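Student: Sharing a structure below in structure tokens format, with a few things to ask.
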Amino acid sequence: MYQQNLDKIAELSSHSAMGVSGPNCDLVNFSEYISKNLALYELSNDGMKLSTHAQANFCRGELAKALRKGPFQVNVILGGYDENVPNGGSLYIMDYLGSCHKVNYGAQGYASNFTLSIM
């Protein structure tokens, strides 16, 4: 970890969080942008919270939209728990190009080469 004071995990809602890696300016701007827009959605829609799947799709859409303007060079792991979904929890991995995959486990960064080989 390059900086000890940089928080790379952002709480999106009471049931989900997002881990972000990349350049410091991009990861701070992107994680704040996503968390604030999801909070705005909740306020605008009478307290209705988005599911983890919907949050992942919103995040993927914003990465894809930014790719055409000025891309965020961030990789994202988004996980959460939904009561009305079978098995409850879900985990999504997104890269800076806007691809999104639902996975059972995940890792990112230099350590992912090692950790994914033993999972």
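The values are calculated or read from the model by the stated rules, or taken from the named source; none is laboratory data. Because the structure is a prediction, the values reported are computed rather than measured. Virtual Cβ from ideal backbone geometry, glycine too; neighbours counted across all protein chains shown. Note: accessible area is taken over every heavy atom of the protein model, side chains too, but ligands, DNA and RNA are not part of it. Shrake-Rupley method; radii C 1.70, N 1.55, O 1.52, S 1.80 Å.
Student: Starting from region 81-97, take each residue that is of a type in the set (A, V, I, L, M) and list its partners that are open to solvent by 100 Å² or more (accessible area, probe 1.4 Å) and assigned to a loop (DSSP other than H, G, I, E, B), counting only C-beta distances under 8 angstrom and pairs at least six apart or across chains.
Tutor: Here the result reads 91/104; 91/105, each pair linking region 81-97 to a residue that is open to solvent by 100 Å² or more (accessible area, probe 1.4 Å) and assigned to a loop (DSSP other than H, G, I, E, B).
Student: Go through 50, 43, 63, 38 for me and flag whichever is under 13 Å from the mean Cα position of the chain (by Cα) and either among the acidic types (Asp, Glu) or farther than 16 Å from residue 98 by Cβ (or both).
Tutor: Values: 50 fails: under 13 Å from the mean Cα position of the chain (by Cα); 43 fails: under 13 Å from the mean Cα position of the chain (by Cα); 63 fails: either among the acidic types (Asp, Glu) or farther than 16 Å from residue 98 by Cβ (or both).
The conditions single out 38.
Student: Oh, and also: Given the condition in contact (Cβ under 8 Å) with a residue 40 or more places away in the chain, within 16 Å of the chain's Cα centre (by Cα) and assigned to a helix (DSSP H, G or I), answer yes or no: does some residue in region 100-109 qualify?
Tutor: No, that holds for no residue.
Student: Can you pull out the residues in region 68-82 that are closer than 12 Å to residue 16 by Cα and either crowded, with 18+ Cβ neighbours inside 10 Å or of a type in the set (D, E, K, R) (or both)? Show your work before the answer.
Tutor: From region 68-82, those closer than 12 Å to residue 16 by Cα are 77-82; that's our starting set.
Answer for region 68-82, where residues must be closer than 12 Å to residue 16 by Cα and either crowded, with 18+ Cβ neighbours inside 10 Å or of a type in the set (D, E, K, R) (or both): 77, 78, 79, 80, 82.
Student: So how many residues does region 48-64 have that are open to solvent by 40 Å² or more (accessible area, probe 1.4 Å) and touching a residue at least 12 places away in the same chain (Cβ under 8 Å)? Please lay out each step first, then the result.
Tutor: Our first condition is that a residue be open to solvent by 40 Å² or more (accessible area, probe 1.4 Å); within region 48-64, this holds for 48-49, 51, 53, 57-58, 60.
Right, trim to touching a residue at least 12 places away in the same chain (Cβ under 8 Å) and you get 49, 51, 53, 57-58, 60.
Total satisfying the criteria: 6.
Student: Assess whether residue 45 counts as being in contact with a Phe, Trp or Tyr (Cβ under 8 Å, 6 or more places away or on another chain), farther than 18 Å from residue 93 by Cα and surrounded by fewer than 19 Cβ atoms within 10 Å (Cβ to Cβ). Spell out how you get there, then give the answer.
Tutor: Values: in contact with a Phe, Trp or Tyr (Cβ under 8 Å, 6 or more places away or on another chain): no; farther than 18 Å from residue 93 by Cα: yes; surrounded by fewer than 19 Cβ atoms within 10 Å (Cβ to Cβ): yes.
Against the criterion (in contact with a Phe, Trp or Tyr (Cβ under 8 Å, 6 or more places away or on another chain), farther than 18 Å from residue 93 by Cα and surrounded by fewer than 19 Cβ atoms within 10 Å (Cβ to Cβ)), residue 45 does not qualify.
Student: Tally the residues that are in contact (Cβ under 8 Å) with a residue 40 or more places away in the chain and in a loop (DSSP other than H, G, I, E, B), restricting the search to region 68-80.
Tutor: Filtering region 68-80 for residues in contact (Cβ under 8 Å) with a residue 40 or more places away in the chain gives 72-80.
Applying the additional criterion that residues be in a loop (DSSP other than H, G, I, E, B) yields 72-74.
Within region 68-80, residues that are in contact (Cβ under 8 Å) with a residue 40 or more places away in the chain and in a loop (DSSP other than H, G, I, E, B) number 3.
Student: Let me ask another. May I ask you to list the residues in region 83-96 that are assigned to a loop (DSSP other than H, G, I, E, B) and surrounded by 13 or more Cβ atoms within 10 Å (Cβ to Cβ)? Full working, then the answer.
Tutor: Step one: list which residues in region 83-96 are assigned to a loop (DSSP other than H, G, I, E, B), which gives 83-88, 95-96.
Answer for region 83-96, where residues must be assigned to a loop (DSSP other than H, G, I, E, B) and surrounded by 13 or more Cβ atoms within 10 Å (Cβ to Cβ): 85, 95, 96.
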